[in-house]
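To start, I am sharing the structure in question, which I have written as structure tokens.
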Amino acid sequence: MTVDQIEIAQDASAAELPPEPCSADWWQARTALELRDIIKRGFGAGDIYGGAIVETERRAREATRRLRDEASAADRRTGKLRLTILSAGLAIIVATGLLQWFAR
């Protein structure tokens, strides 16, 4: 094995280690059901209860931000479509007016 292969093997084994309990990675790995169960236990769960509340709130803010971004993108698409339709209508009206004026 070369030095590079040893480093790659060490990096791979380090990546396989589970995250430290109550770390940010550990909380992100919890499912919604696990968080709900922790919250249901209440204050008896200790510091984990507070962490579950914080993680749940973070996920809710993230979901809300994502929904707002999607709604904003949809509004922009709708606005562009309306502007295109109105521009085409105006172009037709102007073209029709010019044709009638030159037809005289």
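Here, each number is a calculation from the coordinates, and none is a lab measurement. All figures in this text were calculated on a predicted structure; none of them were measured in a lab.
For the range 46-58, in order, what is each residue's ³J(HN,Hα) by Karplus, 6.51 cos²θ - 1.76 cosθ + 1.60 with θ = phi - 60°, in whole Hz (x at glycine and Pro)?
x, 5, 5, 4, x, x, 5, 5, 4, 5, 4, 5, 4
Next question, about the same structure. Want the number for Thr84 to Ala71: 0.36 nm per residue separation, take away the alpha-carbon distance, what's left? Before the final figure, lay out the partial values.
Working: separation 13, 0.36 × 13 = 4.68 nm, distance 1.99 nm.
Result: 2.7 nm gained on full extension.
Step through the residues of the range 85-98 one at a time and calculate ³J(HN,Hα) from phi using the Karplus curve (6.51 cos²θ - 1.76 cosθ + 1.60, θ = phi - 60°), rounding each to whole Hz and writing x for Gly and Pro.
These are the phi-based 3J(HN,Hα) values: 5, 5, 5, 5, x, 5, 4, 5, 5, 5, 4, 4, x, 5 Hz.
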